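Read the structure below first, then the notes.
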Amino acid sequence: MYTSTILLSIFGATVIAHPIIDNIATVLLSTAPPEAKAVLKSVKATGTGCPGFNSALFVYQSNATAAFDALIVDVSQADKTKTCVATVDIGLADGWRYTVGKSTRIRGYGEVLAGSSADRAIISTGYTIGSSMSTSALSVSANDLSKGNFAGEAVGKGVSSASGGGVFTLETSLKFNTKGGATGIVTVDSEDIAFEYSKY
């Protein structure tokens, strides 16, 4: 089992030129197993939870972190769902693969006056590689959403790349379910994502 640490800044659907971005390949190569010949080919993100130039931040290590600054739902508004889809393409040497999404530690913040005790936030994560998908979800109760910071773990089966790596997508969705009358906000601030390299 091997791990790697990478820092990526993602803005909308385009990676903006920045010294950090310029050094990603160097960082990836220096921290991945040398024989894996890891190459970061591309990164992009899009969605209502990461629009325009709002950024998502990825730090890949044994547990990667994705930090969001626009995954926010105003529970009094008609649209109570926000989504961010990140796409990452990692190239590896033949015989090497990566696995992502076996577990996701989700952190957020709630300042909600619920309309009923049944009100809750559902944070869903979906990891896709090719035709394989791993999904998981965290449900946060109305009571917990009134207390400020919250955290919990969503567990999935994980998905692995083919030999040589390739593209994976991470879709994070925040949805507030209510029968009406709720006010306040819910945010997803960050996710710790299980991420590992392995040799066949």
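The values are calculated or read from the model by the stated rules, or taken from the named source; none is laboratory data. Keep in mind that this is a model prediction, so the values were computed, not measured. Heads up, the Cβs are rebuilt from the backbone with ideal geometry, glycines too, and the neighbour counts pull from every protein chain shown. For accessibility, only protein heavy atoms count, side chains too; no ligands or nucleic acids. Shrake-Rupley method; radii C 1.70, N 1.55, O 1.52, S 1.80 Å.
Scanning segment 98-124 for residues that are in a strand (DSSP E or B), among the polar types (S, T, N, Q) and touching a helix residue (DSSP H, G or I) at 6+ places or on another chain (Cβ under 9 Å) yields nothing. The set of residues in segment 127-142 that are in a strand (DSSP E or B) and surrounded by fewer than 18 Cβ atoms within 10 Å (Cβ to Cβ) comprises S132, M133, T135, A137, S139, S141. When G110 is tested against (1) more than 16 Å from D144 (Cβ to Cβ); (2) crowded, with 18+ Cβ neighbours inside 10 Å; (3) touching a strand residue (DSSP E or B) at 6+ places or on another chain (Cβ under 6 Å), just one condition goes unmet, and that condition is (1). You will find that of S198, S117, S163, the residue that is modelled with pLDDT of 90 or more and among the polar types (S, T, N, Q) is S163 and no other.
Of all residues in segment 143-184, those satisfying the criterion of being open to solvent by less than 60 Å² (accessible area, probe 1.4 Å) and within 15 Å of E111 (Cβ to Cβ) are L145, G148, F150, L174, F176, T178, A182, G184. Residues in segment 66-85 that are within 16 Å of G152 (Cα to Cα) and surrounded by 18 or more Cβ atoms within 10 Å (Cβ to Cβ): A66 alone. Filtering segment 86-106 down to residues that are closer than 24 Å to D69 by Cβ and open to solvent by 10 Å² or more (accessible area, probe 1.4 Å), which residue is farthest from the chain's Cα centre (by Cα)? Restricting to residues being closer than 24 Å to D69 by Cβ and open to solvent by 10 Å² or more (accessible area, probe 1.4 Å), the top hit is D89. Of the listed requirements (1) under 30 Å from A36 (Cβ atoms); (2) out of contact with any strand residue (DSSP E or B) (no Cβ under 7 Å at 6 or more places or on another chain), A118 misses just one: (1).
Restricted to segment 42-84, and to residues that are polar (S, T, N, Q) and more than 23 Å from V167 (Cα to Cα), which residue is modelled with the highest pLDDT? Top of the filtered list is T81. The residues of segment 166-192 include none that are closer than 30 Å to V39 by Cβ and assigned to a loop (DSSP other than H, G, I, E, B).
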